[in-house]
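Note sheet for the following structure.
Every number in this text was worked out from the coordinates using simple rules, so none of it is lab data. Owing to the predicted nature of the structure, the values given are computational and were not obtained by experimental measurement. Cβ coordinates were reconstructed from backbone atoms using ideal geometry, including for glycine residues, and neighbour counts include every protein chain displayed.
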Amino acid sequence: MGCGNLRFGPAGKPIDLKGDMLDAPSFLRNIGLNAMEYEAVRGVNISKEKAERLGAFARENDVVLSLHAPYYINLSAVENEKVESSVKRLVDSLKATQWMGGYVVVFHPGYYLEWGIKEAVSRVIHGINMVWDRFGEVSNVKNVWLGPETTGKTKQVGSVEDVIEICSNVEKCRPVVDWAHLHARSLGRFPQDVGDVVKVIEAFEKRLGKEAINPLHTHFSKIEYTRGGEKEHHTLDENYGPDFRLVCEAYREVGVSAVIISESPILERDALKMKGICEEICGML
Ligand SMILES: [Zn+2]
């Protein structure tokens with residue numbers, strides 16, 4: 001297999017962009033990138049007008065947009081109010097993403113707490129159904145996907161299995177794979193080789209279908225972990241795992257298309273480095 005269509009971009013406003021967020025799409029195109037994740041991680045505060053303008057600039061510059069929902073989301077929370085406010089944050093995220101013409105809302109589903117895996121996952125599924133019900137009251141178009149992310153801490157819902165289980169039980173759900181998080185939550189055991197990465201992509205495809213991984217929404221950075229998993233994201237040049245080559249080689253082997261978002265502290269600079277690595281593996285992109 002050859003490489004599919006691979007897009008690269010930063011998680012949030014490029015660090016070398018001095019201007020406004022609205023200048024990000026042209027900035028990214030000028031340096032050779034074509035994706036961006038809008039970070040609403042501290043709350044969805046963008047106005048409809050600004051979101052629509054950002055979307056128009058993104059389309060003009062061939063930049064694909066996604067949105068990262070607030071960190072403060074826990075669909076498996078014990079307290080009803082916490083579930084309610086999580087549902088609301090996801091509905092707001094869907095709205096904003098629709099305004100900007102983005103394709104997926106990335107979010108961390110919740111925590112295992114005292115529930116155990118099965119019950120926590122089933123609470124997340126219940127919460128997502130509430131999100132789509134609520135969203136259906138304000139919009140009759142559903143062109144945005146919900147993307148539960150593979151998470152970095154061992155107490156968080158978000159193993160590969162969890163994400164597959166969630167997405168196979170709700171509508172418009174696609175996996176968001178963060179390879180750094182999987183490395184951290186496995187305490188460095190994953191991935192050992194290209195085959196380990198291929199297996200995950202094939203499991204997504206087999207259980208969720210081709211559409212859910214076309215493109216495969218991807219996060220990447222190097223990462224430091226402790227016993228509980230994720231501690232800190234690092235740049236590609238730092239001496240931590242995982243190895244980005246394994247990811248790109250696996251993408252070539254499967255022929256999957258992907259939107260690859262850099263969560264490195266130096267955002268777009270490392271997105272360009274990742275693009276360079278894939279170009280070595282794939283030929284010019
Ligand atoms: Zn995330």
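Points worth noting:
- Whole-Å distance, taken between Cα centres, linking region 5-65 and region 75-127: 24 Å
- Among 218, 235, 226, the order by Cβ neighbours within 10 angstrom, fewest to most, reads 226, 235, 218.
- Cross-link partners of residue 118 among lysines (Cα-Cα below 19 Å; sequence separation of 8 or more within a chain): 153, 155
- The value of relative contact order for the chain, using C-alpha pairs under 8 Å at least six residues apart, is 21 percent.
- Residue 258 long-range amide H proximity, modeled H, under 5 Å: 5, 6, 7, 216
- Counted charge near residue 133, where neighbours are those whose Cβ lies closer than 14 Å (Asp, Glu -1; Lys, Arg +1): +1
- Computed over the chain, the ratio Rg/Rh where both radii use C-alpha atoms and Rh is Kirkwood: 0.94
- Cut-off under 5 Å, modelled amide H: who pairs with residue 234 long-range: 222, 223, 224
- Of 142/206; 206/275; 88/172; 222/273, those spanning more than 20 Å from alpha-carbon to alpha-carbon: 142/206; 206/275
- Each peptide in 72-85, 250-263 gets a packing score, the mean of other Cβ atoms within 10 Å over its residues, and the list from highest to lowest is 250-263, 72-85.
- A simple spin-label model places the labels of residue 114 and residue 30 5.6 nm from each other, with each point 7 Å out along Cα-to-Cβ.
- Solution diffusion estimate, µm²/s, Stokes-Einstein, region 52-93, Kirkwood Rh from C-alpha pairs, 4 °C, viscosity 1.567 mPa s: 107 µm²/s
- The amide H of residue 229, built 1.01 Å from its N in the peptide plane, has 154 as neighbours under 5 Å, considering only residues 5 or more places off or on other chains.
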